[in-house]
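For reference, the structure discussed in these notes is given below.
Laboratory data are not the source of any read-out in this text; all were calculated from the coordinates shown. From a predicted model like this one, the values you see are computed outputs, not experimental measurements. Methodologically, a virtual Cβ is constructed for each residue, glycine included, from the backbone with ideal geometry; neighbour enumeration extends over all protein chains shown.
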Amino acid sequence: MTVLIAGGGIGGLALALSLHQIGVKCRVFESVKEIKPLGVGINVLPHACRELIELGLQEELERTSIRTSELAYFSKHGKRIWTEPRGIDAGYKWPQYSIHRGELQFILLRAAIERLGAENIVTGHHVSRWEETANGVRAHFTDKDGKAVGSEEGSLLIACDGIHSTIRSKLFPDEGPPIWSRRILWRGVTVAKPFMTGSSMIMAGYPQVKFVAYPISKPDQNGMQMINWIAEREFEETYEWRREDYNRAAKLEEFAPLFEHWNFGWLDVPGLIRDAEYCFEYPLVDRDPRERWSYGRVTLLGDAAHPMYPIGSNGSSQAILDARVLAREIQDKGETIAALDAYEAERRPATSQLVLLNRGNGPERVMEMVEQRAPNGFNVVTEVLSQQELEEVANNYKKVAGFQVEALNARPSIVQPKMAMVK
Ligand SMILES: Cc1cc2nc3c(=O)[nH]c(=O)nc-3n(C[C@H](O)[C@H](O)[C@H](O)COP(=O)(O)OP(=O)(O)OC[C@H]3O[C@@H](n4cnc5c(N)ncnc54)[C@H](O)[C@@H]3O)c2cc1C
């Protein structure tokens, strides 16, 4: 039979490629009629880059992304709190990639079309409901106007349908919308001169007023890079925030004044905001971890399973890891309920812990601690935070998110590819 995948985003396409790699037939059903390279920048951590490389995608990734070499935290005055090497520079066998989300999705999409055949990536098919059958599960589809456009029977139905997952909403009808953190993100891209190493990711400020920047393209002939940035601000609970929508254009005047004095010399924050090519507004939201993901022949994956704050660069990385573990369990146990249960037993506890850690600002907690202890600034950061505290925060996050360098370098591959591929 065929594994039915709802959603052609990062998680759904990574799953399709992984199933193809082990010789399991699958079809992707995507709501939108035409997949477009939407979004802004995204970071893929070494544990997920390893999986993409083991899917044979390194060449394409190298062409379009930046190998992130360091991550640095700064105070709101632009003073350095903590720097750590990243990717290969940190001793991993695999890089960390900073890339435009649309580029990443299209690398996966092109590979999926080439390997599975275009007929198995079905667009304009929104999974609206499903029912179990004698041998599997039948998914029903609608188009954008809600008109029925057919159904298909498969062995399993995997919900990779993102933060607004229809399948999750039917499994948990009382859950309601995502939970707002009282913070709004403005995500933009600006063509600008490289800063620091040209492959550095930086964060400045503290959770209530924060700025993140990292390059997502190699320098062009004029030496300019596409710099992805995120400005973030906390609001009162009563603020009338707008529902999350990845395509909502932002108004620069709503947040630019907050950052007008943030020209640190090594990074011109007001300049980046002013010269943005485009910018989107997005509320910082997540959902409570669930006590269960799998119901019969249906399970959740990626943002449908564990939407989390984009703190610590884990959204797409964890979706990719879900896909690989699920493929491994299907290879081991067949297209069975037992495979879904084994997948859930590994991935649900790990990602639930991460959702909660991100609510406490994950590795960015050091910026919060500095602001609380020294709101007027500091001379040397160790006057405010000990080296041990800094290291503890960084190491604990890597442990929970599953990318400690020695452990990752030593662990065997998740998926053992089968040589004979089926189309
Ligand atoms: C348009 C868009 C832009 C984004 N931009 C960014 C960004 O700039 N930075 C960032 O960090 N993250 C971004 N994200 C989120 C990021 O892709 C995810 O957090 C992460 O990669 C996990 O991937 P996912 O596959 O679980 O979800 P997603 O990548 O969100 O993919 C879900 C897919 O499912 C489809 N879908 C939804 N409902 C159904 C249904 N019922 N049936 C069939 N298909 C369905 C959606 O159209 C989408 O293609 C964006 C997501 C989207 C959809």
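In the stretch 207-252, if the dipole is taken from +1 on Lys/Arg beta carbons and -1 on Asp/Glu beta carbons about the Cα centre, which of Phe235, Leu252, Pro219 is farthest to the positive end?
Pro219
Along the charge dipole of the chain, pointing to its positive end and built from +1/-1 on Cβ of Lys, Arg, Asp and Glu, which listed residue (Leu104, Ala204, Asn395) has its Cα farthest out?
Sorting the options by dipole projection puts first Leu104.
Would you mind putting 155-164, 405-414 in packing order, based on average other-beta-carbon counts within 10 Å, highest first?
Sorting 155-164, 405-414 by mean packing, highest first, produces 155-164, 405-414.
For labels at Lys218 and Met1 in the simple 7 Å Cα→Cβ model, what's the distance in nm?
Taking the simple label geometry, Lys218 and Met1 are separated by 4.6 nm.
Quick one: helix 337-359 against the long Cα principal axis of the chain, what's the angle to the nearest 10°, folded into 0 to 90?
Orientation of helix 337-359: about 20 degrees from the principal axis.
Arg183: net charge of surrounding residues, Cβ under 9 Å, Lys/Arg +1, Asp/Glu -1, itself excluded?
+1
I want the local charge near Val28. Using Cβ-Cβ distances under 13 Å, sum +1 for each Lys or Arg and -1 for each Asp or Glu among the other residues.
Details: positive: Lys25, Arg27, Arg115; negative: Glu30, Glu119, Glu152, Asp161.
Counting the neighbours of Val28, the net charge comes to -1.
Order these by the 10 Å Cβ neighbour count, fewest first: Trp266, Trp180, Trp94, Trp293.
Listing Trp266, Trp180, Trp94, Trp293 from fewest to most nearby Cβ atoms yields Trp266, Trp180, Trp94, Trp293.
Taking amide H atoms as placed 1.01 Å from N in the peptide plane, list the residues 5 or more away in sequence, or in a different chain, whose amide H sits under 5 Å from that of Phe264.
Val269
Do me a favour and compute the ellipsoid semi-axes for the stretch 142-215 from its Cα gyration tensor, root of five times each eigenvalue, largest one first, whole Å.
Over the Cα atoms of the stretch 142-215, the semi-axes work out to 39, 19, 13 Å.
Going highest first, how would you order 226-235, 57-66, 382-391 by mean Cβ packing within 10 Å?
Averaged packing, sorted descending, gives the order 226-235, 57-66, 382-391.
If we count every other residue with Cβ under 15 angstrom of Ala410's Cβ, Lys/Arg +1 and Asp/Glu -1, where does the sum land?
+4
Run a plain Debye calculation on the stretch 71-170 (Cα atoms as equal point scatterers, no solvent) and give log10 I(q)/I(0) at q = 0.10, 0.15, 0.22 Å⁻¹, rounded to two decimals, same order as the q list.
Cα-only, vacuum Debye calculation for the stretch 71-170: -0.53, -0.83, -1.26.
Using only Cα atoms, find the angle between the long axis of helix 101-116 and the longest principal axis of the chain, and express it within 0 to 90 degrees, rounded to the nearest 10.
Tilt of helix 101-116: around 20 degrees.
Hey, what did the chain get for relative contact order, percent, Cα under 8 Å, at least 6 apart?
Computed value for the chain: 21 percent relative contact order.
Could I get the Rg over Rh figure for the stretch 268-375? Both from C-alpha atoms, Rh via Kirkwood, rounded to two places.
When Rh is taken as the Kirkwood radius, the ratio is 1.12.
If neighbour count is taken as other Cβ atoms inside 10 Å, put Cys279, Cys26 in order from fewest to most.
Working: Cys279 22, Cys26 27.
Sorted ascending by nearby Cβ count, the order is Cys279, Cys26.
Mind checking the angle between helix 387-401 and the chain's longest principal axis? C-alpha axes, 0 to 90 degrees, to the nearest 10.
Between helix and principal axis, roughly 10 degrees.
Counting only Cα atoms, I'd like the Rg/Rh figure for the chain, Kirkwood definition for Rh. Numbers along the way, then the final one.
On the way: Rg = 21.3 Å, Rh = 22.1 Å.
Radius of gyration relative to Kirkwood radius: 0.97.
Would you please give the FRET efficiency between Arg373 and Ala410, computed as 1/(1 + (r/R0)^6) with r the Cβ-Cβ distance and R0 = 35 Å, to the nearest 0.05?
Once rounded, the FRET efficiency stands at 0.40.
Measuring from label point to label point, each 7 Å out along Cα→Cβ, what is the Asp145 to Glu234 span in nm?
Once both label points are built, they end up 4.8 nm from each other.
Can you tell me the Rg and the Dmax, both Å, for the Cα atoms in the stretch 183-320?
Over the stretch 183-320's Cα set, Rg and Dmax evaluate to 17.1, 57 Å.
Among the listed pairs Lys93/Lys144; Lys36/Lys170; Lys33/Lys93; Lys144/Lys418, which have their C-alpha atoms separated by more than 32 angstrom in this model? Don't jump to the answer; show the numbers that get you there.
Working: Lys93/Lys144 43 Å; Lys36/Lys170 27 Å; Lys33/Lys93 38 Å; Lys144/Lys418 37 Å.
Violating the 32 Å Cα-Cα cut-off are Lys93/Lys144; Lys33/Lys93; Lys144/Lys418.
For the stretch 5-55, how big is Rg over Rh, using alpha carbon atoms and the Kirkwood form of Rh? Before the final figure, lay out the partial values.
Working: Rg = 12.3 Å, Rh = 12.3 Å.
In the stretch 5-55, Rg relative to Rh is 1.00.
Hey, got the dipole for the stretch 126-285? About the Cα centre, +1 on K and R Cβ, -1 on D and E Cβ, debye to the nearest 20?
For the stretch 126-285, the charge dipole is close to 280 debye.
How are the C-alpha pair distances of the stretch 1-151 spread across 10 Å bins, as whole percents from the shortest bin up?
10, 32, 29, 17, 9, 2, 0
Which of Leu258, Leu38, Leu108 comes first, and how do the rest follow, when ranked by fewest Cβ neighbours within 10 Å?
Ranked by crowding around the Cβ, least crowded first: Leu38, Leu258, Leu108.
Expressed in nm², what is the orientationally averaged projection area of the convex hull enclosing the Cα positions of the stretch 316-423?
9.5 nm²
Let me spell out the model: positive unit charges on the Cβ of Lys and Arg, negative unit charges on the Cβ of Asp and Glu, origin at the Cα centre of the stretch 218-337. What dipole size does that give, in debye rounded to 20?
620 debye
Round to the nearest 0.05 the FRET efficiency obtained for Lys399 and Arg80 when R0 = 25 Å and r is the Cβ-Cβ distance.
Numbers: r = 24 Å, r/R0 = 0.97.
That gives a FRET efficiency of 0.55.
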